[in-house]
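Beneath this line is the structure, given in structure tokens, with notes to follow.
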């Protein structure tokens, strides 16, 4: 009985890890918004566009049920958005300083 319960809990935990990458998608959207708000569309438009494109790829993968691909693209989108944000922040510091 205890062994069956333990097996059920392990399966449920494994299924949760393989589910839709909601957190990664949210993180990517927030990072893109932060980069836009910081003016990255003026300073690093190509990087920001790449982030947006990767997010769109993630959304397409999610629609197909390809959670692994969606997660990978969402993480990459967040990374590119973070790069764009980093490029914009020194510009904002110079303007305010």
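Okay, residues lined up against (1) touching a strand residue (DSSP E or B) at 6+ places or on another chain (Cβ under 7 Å); (2) crowded, with 18+ Cβ neighbours inside 10 Å; (3) modelled with pLDDT of 95 or more; (4) assigned to a helix (DSSP H, G or I):
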{"position": "7", "(1), (2), (3), (4)": "no, no, no, yes"}
{"position": "48", "(1), (2), (3), (4)": "no, yes, yes, yes"}
{"position": "51", "(1), (2), (3), (4)": "no, yes, yes, yes"}
{"position": "58", "(1), (2), (3), (4)": "no, yes, yes, yes"}
{"position": "69", "(1), (2), (3), (4)": "no, no, yes, yes"}
{"position": "88", "(1), (2), (3), (4)": "no, yes, no, yes"}
{"position": "91", "(1), (2), (3), (4)": "no, no, no, yes"}
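On the given criteria, is residue 95 surrounded by fewer than 12 Cβ atoms within 10 Å (Cβ to Cβ) and either modelled with pLDDT under 95 or in contact with a helix residue (DSSP H, G or I) (Cβ under 9 Å, 6 or more places away or on another chain) (or both)?
yes
Among the numbered criteria (1) crowded, with 17+ Cβ neighbours inside 10 Å; (2) free of Cβ contacts under 8 Å to residues at least 40 places away in the same chain; (3) under 13 Å from the mean Cα position of the chain (by Cα), which one does residue 36 miss?
(3)
Taking the range 71-82 as the region of interest, how many residues are within 19 Å of residue 38 (Cα to Cα) and either touching a strand residue (DSSP E or B) at 6+ places or on another chain (Cβ under 7 Å) or surrounded by fewer than 18 Cβ atoms within 10 Å (Cβ to Cβ) (or both)?
1
The values are calculated or read from the model by the stated rules, or taken from the named source; none is laboratory data. Predicted, not measured: the structure shown is a model, and the values here were computed from it. Quick reminder, even Gly has a Cβ in these numbers, built from the backbone with ideal geometry, and neighbours come from all protein chains shown.
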